[in-house]
Each structure stands twice: as structure tokens, then as C-alpha cells.
Amino acid sequence: MFGLIGHLTSLQHAQSVARDLGYPEYADQGLDFWCMAPPQIVDDITVTSITGQTIYGKYVESCFLPEMLASQRIKAATRKIVNAMAHAQKNGINITALGGFSSIIFENFNLQRITRIRNIQLDLQRFTTGNTHTAYIICRQVEQGAQQLGIDLNKATVAVCGATGDIGSAVCRWLDARTDTAELLLVARHQGRLETLQSELGRGKILSIEEALPLADIVVWVASMPKGIDIEVEKLKHPCLMIDGGYPKNLGTKIQHPDIHILNGGIVEHSLDIDWKIMHIVNMNIPNRQLFACFAESMLLEFEQLHTNFSWGRNEITVAKMEKIGEISLKHGFKPLALAI
């Protein structure tokens with residue numbers, strides 16, 4: 001059995017969907033309540049591969065909200081993630097994906113040191129961040145989106161915002177090794193990590209976001225922030241492809257211009273309907289078919305009976321692992337969300 005650990009995008013969002021998920025007592029509660037709310041299994045899932053194989057899973061709502069990070073409720077945020085992991089393991093789930101901020105919190109606050117939750121000894125082999133599949137899907141979206149818009153990668157400049165993160169660094173490695181991208185712009189907050197990545201790649205210009213955006217034909221946004229950023233549309237290239245790989249996805253609401261094409265990054269579409277209700281509440285255009293690539297990674301590992309933390313740690317994603325998960329993804333009927341033109 002596979003599992004998905006997720007969370008909603010905001011307190012307002014959480015309140016609005018609590019009743020739909022069968023928890024009316026949560027609907028009018030404030031942040032203090034959500035800081036104390038325990039994890040809940042709120043959905044049973046059935047997925048059928050194009051090979052004919054069927055697997056079953058459960059969605060674990062962690063009750064984490066991004067406002068917990070913004071309001072410095074770090075202990076509450078970290079508690080949410082490890083408690084959700086313990087809940088998944090207690091319920092016999094073999095491989096569980098940490099979605100959204102779950103994996104970021106786990107890495108940034110070194111939650112690997114927490115090995116026991118009450119009477120549960122955490123087995124980290126049962127968990128995966130899903131970042132390898134997400135990075136692979138984003139890279140394929142770069143390639144396919146560029147082709148759709150007539151952007152020639154061997155003449156194009158690609159800015160990766162969040163380049164030193166787990167997904168961002170993997171995207172940079174793929175673009176360097178598997179495409180003929182002319183120029184890579186590396187954008188992140190940590191100068192030392194940027195220099196290490198630049199040295200590893202043997203290329204790439206380190207720029208601030210203000211310097212990089214006006215130069216980029218394609219922007220890959222994988223910076224992890226609980227709040228968005230204001231982008232001046234008039235300073236972007238026209239046309240420009242922007243791949244929003246963050247969570248929650250908000251570039252599409254901030255930027256509306258016919259020459260700026262926004263693609264929800266790290267989203268896959270399955271060939272067959274998935275029996276679940278959870279994607280109906282996160283604003284997927286086709287909720288029975290579309291989902292986050294990180295969630296799909298746990299499904300792929302369950303299909304292949306690879307019950308292991310395929311994606312784990314920071315900057316450990318190799319091009320070879322991306323190719324492997326990509327082959328499995330195609331085998332079972334997943335494809336990158338395409339640009340709607």
C-alpha cells in the first residue's frame with residue numbers, strides 16, 4: 001500500500017475544505033486549533049496502471065499549514081510532519097510520499113534525528129520525498145514547453161530560481177547533461193551553495209532574481225517559500241515560459257499577460273481515472289487524472305514494489321535516477337502536464 005502525506009495551502013483553504021472531508025468541527029477553527037490537530041487519513045485511493053496492475057493507497061492530512069512557518073510556529077510544523085509519518089507507518093503503509101512543505105520541513109529542520117514517535121520507531125525506508133520524479137517532470141516540461149512556444153533551447157537562457165534546493169539542483173544537472181540549453185542562470189539565497197553547484201556543473205551564471213528574470217527565456221521557479229513574490233511583468237522577456245514548480249502555485253494569479261506563459265510545474269496527468277477525492281480540493285483542472293509528481297512517485301514505487309526512500313536528503317538526485325523514475329512513470333501511464341496554448 002502507498003501513502004501520501006499532504007497539507008492544504010492556507011488556513012482559509014483548510015477551513016473551506018474541512019467540511020467537505022467530513023470534519024465540520026474543524027471548519028470554523030483558527031490557527032491555534034490546527035497547530036494541535038492530529039493527522040488524519042481522509043481518503044482511500046485506487047490507481048490502475050496502463051499495464052492493468054491496480055494498487056491501493058491512503059491520503060494522510062498532516063494538518064500542517066504554511067502560516068505555521070510564517071508565524072514562527074516551527075515546533076508545531078515539525079511535529080505535524082513526524083506525527084503524520086508515524087500515523088502512516090502505524091497504518092501499515094509501505095511507501096509514503098512527503099508532499100508540499102512536508103519534505104522541505106523534514107530536511108531543513110533535520111527531522112531525521114527524530115527516530116521515535118511515542119511507541120512508533122520510524123522506518124525511514126518507508127518514506128520518499130518524491131523530488132526525483134518532480135525534477136524529472138519539470139525538466140520534461142521545460143523541453144516540451146519550449147518546443148510548443150518555438151523557443152530553441154540551444155539559443156535560450158534558462159533561469160532556475162531555487163537552484164540549490166533538492167529539485168532545483170537536479171533540474172540544473174538535467175538541463176546541463178541532457179539538453180543543449182545555451183545559458184543557465186543560477187538563482188538562490190545561499191551564495192556558498194550556489195558556488196558549489198556552479199563548480200559541479202562547470203557552468204552557470206550566479207545572479208540575483210532581479211538580474212536573472214529580464215534575461216530568461218524560460219524561468220523554472222522551484223524556490224520554496226510560504227509566501228509568494230511580486231514579479232514585474234514588463235521586465236520579463238516576451239515571450240517567456242514560466243514553470244511554477246513551487247507550492248502553493250501562485251504565479252498564474254500574479255502574472256496575466258498573453259506573452260507570458262505559465263505552466264504548473266511538477267504536475268503529471270495519468271492516462272486513466274484515479275479513484276479518489278483529494279485532488280478535487282486542490283484545484284486541479286482534471287482532478288481524476290492530474291496530481292503532483294511527488295505523490296505519483298510513491299505510486300510508481302508501489303507499482304514496482306520498490307519500498308525504499310528513492311528520493312531522500314539534499315542534492316542527492318542524479319540524472320540516472322531521474323531517467324529511471326521517468327521510465328517507470330511512462331510505463332504506468334503518467335505524462336507531464338502540458339502547456340495550454
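The values are calculated or read from the model by the stated rules, or taken from the named source; none is laboratory data. Everything numeric here is computed off the predicted structure, so don't read it as measured data. Areas reflect the complete protein model, heavy atoms only, side chains present, ligands, DNA and RNA absent. Shrake-Rupley method; radii C 1.70, N 1.55, O 1.52, S 1.80 Å.
Whole-Hz Karplus values for the range 267-282 come out as 10, 10, 10, 8, 6, 10, 5, 9, 8, 6, 10, 5, 6, 6, 9, 10 Hz, taken residue by residue from phi with 6.51 cos²θ - 1.76 cosθ + 1.60 and θ = phi - 60°; glycine and proline positions read x. Rg and Dmax of the range 211-314, based on Cα coordinates, read 16.3, 49 Å. Of N288, N250, N91, the residue with the greatest mean-square motion in the GNM of the chain, using alpha carbon springs below 10 Å, is N91. If you roll a 1.4 angstrom probe over the protein chains with everything in place, what fraction of the accessible area of the chain belongs to carbon and sulfur, to the nearest %? Roughly 47 percent, rounded to a whole number. For the range 44-110 and the range 281-341, write down the distance between their C-alpha centroids in whole Å. So the separation of the two Cα centres works out to 15 Å.
Per residue, the solvent-accessible area of the range 210-331 (1.4 Å probe, heavy atoms of protein chains only, all protein chains present) comes to 44 Å².
Between G145, G52, G265, the Gaussian network model of the chain with springs among Cα atoms under 10 angstrom shows the greatest mean-square fluctuation at G52. Of the whole protein surface, F310 contributes about 20 Å² of accessible area at a 1.4 Å probe radius. Starting from the Cα coordinates of the range 242-285, work out the convex hull volume and express it per residue in Å³. Cα-based convex hull of the range 242-285, divided per residue, equals 91 Å³. Across the range 91-99, rounded Karplus estimates of 3J(HN,Hα) from the backbone phi angles (6.51 cos²θ - 1.76 cosθ + 1.60, θ = phi - 60°) give 8, x, 7, 7, 9, 10, 8, 8, x Hz, Gly and Pro being marked x. Strictly over 25 Å apart at the Cα level, which of K80/K277; K249/K277; K205/K331; K90/K321; K90/K331 would you flag in this model? Violating the 25 Å limit, Cα to Cα: K205/K331; K90/K321; K90/K331.
The DSSP beta bridges internal to the chain are antiparallel in roughly 35% of cases.
Calculated [222 nm] ellipticity per residue, helices only, for the chain: -10000 deg cm²/dmol; basis is -39500 (n - 2.57) per DSSP H run with n ≥ 4, divided by all residues, nearest 500. Restricting the calculation to Cα atoms, the chain yields a radius of gyration followed by a Dmax of 19.3, 57 Å.
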